[in-house]
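Participant: Would you mind keeping the following structure in view while I ask a few things?
The values are calculated or read from the model by the stated rules, or taken from the named source; none is laboratory data. These figures come from a predicted structure and were not determined experimentally. Quick reminder, even Gly has a Cβ in these numbers, built from the backbone with ideal geometry, and neighbours come from all protein chains shown.
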């Protein structure tokens, strides 16, 4: 425990000069200023290696800043810190100390609930998080998108599994670290020279993350075209290979009819049916056969109208949605760290949400199946989600990324507010584990146990129970063990009175009382409107 000690000193022979602690404070900032100037001189060399000059220099520095980095006080940082401590201002940061760490801290259940309860900003806002994890989150989505698009066009006959294998080889950290080495990023990275990155494997992992952050920074300032050029140059040393990668051919359906294929609508009942879907969403496809292919299920054999089914499009659509959702979250949620943004993105881009949007748009009515009876078929959640991803791919191929942005602005992003207010960003199983961890001093955490498995191998039904403190607190059924576990966790959260759940509900109620009232009124209005057609039928 530190104690204040009073020491009496004689003032005889002392001179009052006016030199106070602020002079020491300014003197100790000189090494920091010198380092800053020298570092930005070095970044000019990195501009030449990248082939792109950043206008916003702070963005490039942020991309190079590892989370472990702190202020650089020169060759003798310990001496500088000792001088600041002994001769500087006693507490340079005034006020509540929590304020100075609120944007840096990301661990702990209370921090998680606090950050995840914040709604998005209406206008793009700069982040106060001063390391590259958020840029890495964005760059990861950009790299995956670029890889998926180029592979999709360059290998028109390769199935989804082959495309996924090639993509994994390109976007894995080991390969990205090699690309980072080409740019000599290890020479420009800002990180603490401690034990964390001493091992070669750890340093290479940090280099891969830094490369993704750099791609994210280039995408933010220079756009998709600059990011594509940089990634293409780094992938291949040969100019011929770069030319092949960057100038990929058009889609086979576009090659057959370069201008438009809408003249085929008159002779095709399938395309005629799709025109009503186009009218409902307000988008007319230049190549309507792309839309037909997006709605063609795997069970349909090869035909000359669509030239295949929608699985390849599903592969592409997933990457497109990931990029658009990532960019939106990056811009509108500036206080969220990478892990928090990932949770929000998972709540947006998942089978359940995608299937719900597909159902609201009536996509199941336009699905092209091999059923000759033409009766309406009830599609599974996964199939509906695949339909939506394929539609997103068709929209991107026929139009561009701007159309996808608009579509998701209308159909997906408004749901974020509801997800945050209802805390749907967390799946039931994770939520149950967090609730049990808050009571870990009382008893071990909850565990699942499979009680029963019935049905043939292709149509199993699993029954799973969850236990806590030696008693069964929930039970669930599902076509897979994972879904049954989710059902059991949801059942447990509803039946068991966890203090953490009550605290989270109170926290949200206090913070967003008015928004919750409006949301409930809107839900009641929608339920009333959905009941009215049923009453009229009766």
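Participant: Which of the residues spanning the range 291-312 are over 31 Å from the mean Cα position of the chain (by Cα) and surrounded by 15 or more Cβ atoms within 10 Å (Cβ to Cβ)? Even if it seems obvious, please write down each step before you answer.
Facilitator: The initial filter retains those residues of the range 291-312 that are over 31 Å from the mean Cα position of the chain (by Cα), namely 299-307.
If the condition is that a residue be over 31 Å from the mean Cα position of the chain (by Cα) and surrounded by 15 or more Cβ atoms within 10 Å (Cβ to Cβ), then 300, 305, 306, 307 are the ones that fit.
Participant: Further question on the same structure: Going by what's in this entry, would residue 42 be described as in the same structural domain as residue 63 (by TED's automatic domain parsing) and modelled with pLDDT of 80 or more?
Facilitator: It is true that residue 42 is in the same structural domain as residue 63 (by TED's automatic domain parsing) and modelled with pLDDT of 80 or more.
Participant: Mind checking whether some residue in the range 479-501 is part of a strand (DSSP E or B), more than 31 Å from the chain's Cα centre (by Cα) and modelled with pLDDT of 75 or more? Let's see the steps before the verdict.
Facilitator: Kept after step one, since they are part of a strand (DSSP E or B), are these residues of the range 479-501: none.
So far as the range 479-501 goes, no, none of its residues is part of a strand (DSSP E or B), more than 31 Å from the chain's Cα centre (by Cα) and modelled with pLDDT of 75 or more.
Participant: Scan the range 46-55 and give yes if some residue there is at pLDDT 75 or above and farther than 22 Å from residue 186 by Cβ, otherwise no.
Facilitator: Yes - at least one qualifying residue is present in the range 46-55.
Participant: For the list (1) in contact with a helix residue (DSSP H, G or I) (Cβ under 7 Å, 6 or more places away or on another chain); (2) at pLDDT 70 or above; (3) surrounded by 15 or more Cβ atoms within 10 Å (Cβ to Cβ), I need the number of the one condition that residue 507 fails.
Facilitator: (2)
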